[in-house]
Amino acid sequence: MQAGVVLAAAGVGLWFAKTSVIEEAAQVLQVVSLLAIALGVGFVLSALFSYALSRQLGLVEPQAPHA
């Protein structure tokens with residue numbers, strides 16, 4: 001989950017940074033930023049699906065409310 005959030009944030013940062021560089025470098029930054037965002041979102045979705053599946057299979061117990 002953490003890796004996904006960090007990668008997605010880095011991709012967004014690179015996306016905004018591409019506006020301040022020359023055109024040739026901006027194209028490279030755009031590709032790298034889109035890849036980072038896609039990987040980050042994929043990691044986050046994978047973590048969420050794994051957690052949901054683990055709960056459904058009974059591998060993770062729901063948290064009891066605190067008294």
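A few comments on the model shown:
- Residues of the chain: accessible area per residue with a 1.4 Å probe, Å²: 78 Å²
- Note on the chain: Kirkwood radius taken over Cα pairs, Stokes-Einstein applied at 20 °C and 1.002 mPa s, translational D equal to 156 µm² s⁻¹.
- The share of accessible area on the chain that comes from carbon and sulfur is 70 percent, using a 1.4 angstrom probe.
- Using alpha-carbon coordinates, inclination of helix 2-17 to the longest axis of the chain, degrees: 20 degrees
- Interchain or long-range residues, amide H under 5 Å from VAL60's placed H: ARG55
- Computed from Cα positions, the angle between helix 23-56 and the longest principal axis of the chain comes to roughly 0 degrees.
The values are calculated or read from the model by the stated rules, or taken from the named source; none is laboratory data. This is a predicted model, so every value here is computed, not measured. Surface areas here come from the heavy atoms of the whole protein model, side chains and all, with no ligands, DNA or RNA. Shrake-Rupley method; radii C 1.70, N 1.55, O 1.52, S 1.80 Å.
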